[in-house]
1. How many angstrom lie between the Cα centre of the range 1-58 and the Cα centre of the range 127-201?
2. If I model a spin label at K29 and T193 as a point 7 Å from the Cα along the Cα→Cβ vector, what separation in nanometres do I get?
3. Within 10 Å, Cβ to Cβ, of S10, how many net charges do the neighbouring residues add up to if Lys/Arg are +1 and Asp/Glu are -1?
4. Write down the percent of antiparallel bridges among all DSSP beta bridges whose residues are both part of the range 22-124, to the nearest 5.
5. For the chain, what does -39500 (n - 2.57) per DSSP helix run (n ≥ 4), summed and divided by total residues, give at 222 nm, in deg cm²/dmol to the nearest 500?
6. Output the 0 to 90 degree angle, nearest 10, between the alpha-carbon long axis of helix 140-154 and the longest principal axis computed from the alpha carbons of the chain.
7. Give the percent of DSSP beta bridges with both residues in the chain that are antiparallel, rounded to the nearest 5.
8. So if we plug the beta-carbon distance of E65 and K92 into 1/(1 + (r/R0)^6) with R0 = 35 Å, what FRET efficiency do we get, rounded to 0.05?
Amino acid sequence: MSKGRLIVFSAPSGCGKGTMLAEILKNDKFRTSVSATTRSPREGEIDGVSYHFLSREDFMKKIDEDAFLEHAEYCENCYGTLLTEVDPYLEKGINVILEIEVQGAMDVMAKRPDAVTIFVLPPSLKELRRRLEKRGTESQEVIEKRLSKAAGEISFADKYDYIIVNGPLEEAVSDFFSIIRGEELKTASMVETINEVLQNA
Ligand code: 5GP
């Protein structure tokens, strides 16, 4: 059985990444890694499902134990990908999506060069502001902080393998699956198939 693919999926917050992922995850060959964070849960978020919500002390302990594939600080909170959320699933042939910010993504690119990296762009910063305000989960001050952060994050977009502009949902999701299909058809992923064809003379 072939191993699953590690997929890095970054987007400024409020970009509609959550809605896209909900569609993608209807396909059971994909899962998202549940990150650890020191941020407080938002309404409706469940510990162990949305995130593993940790105290700063417990988060630091995990760093000392080398439990993270990557970790980063974002808007004064720590976020990290636990190795236990990634490798066991890749071994089982499941594609693991890391929904992470750019600093962590750069780390994963260095550590796992075989990862497929995708950046989701909002149609515009104006539209991003509209979406964040509509979500209504953050104060105006936090929204302003996240917007200025977004502009900085977008400047890293050219480091990724692929860009998806998140306009109409259906198109964005279809772009995602096209990327994955393209990766599956790359010669390096097809070596087994080439050999099978040759052996079936
Ligand atoms: P939020 O607080 O809105 O859930 O997430 C804030 C940012 O942290 C988002 O850009 C999200 O992708 C990122 N993030 C979530 N989990 C991780 C993680 O495990 N590692 C890193 N580096 N970033 C993460």
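1. Each part reduced to its Cα centre gives a spacing of 14 Å.
2. Each label point is offset 7 Å from its Cα along the Cβ direction, giving 1.0 nm.
3. -1
4. Roughly 55 percent of the beta bridges in the range 22-124 run antiparallel, per DSSP.
5. Computed mean residue ellipticity for the chain: -12500 deg cm²/dmol.
6. 30
7. Here the antiparallel bridges make up roughly 30 percent for the chain.
8. 0.90
Just so you know, all these numbers are worked out from the coordinates, no wet-lab data involved. All figures in this text were calculated on a predicted structure; none of them were measured in a lab. All Cβ positions, even for glycine, are placed from backbone atoms using ideal geometry, and neighbour counts span all protein chains on display.
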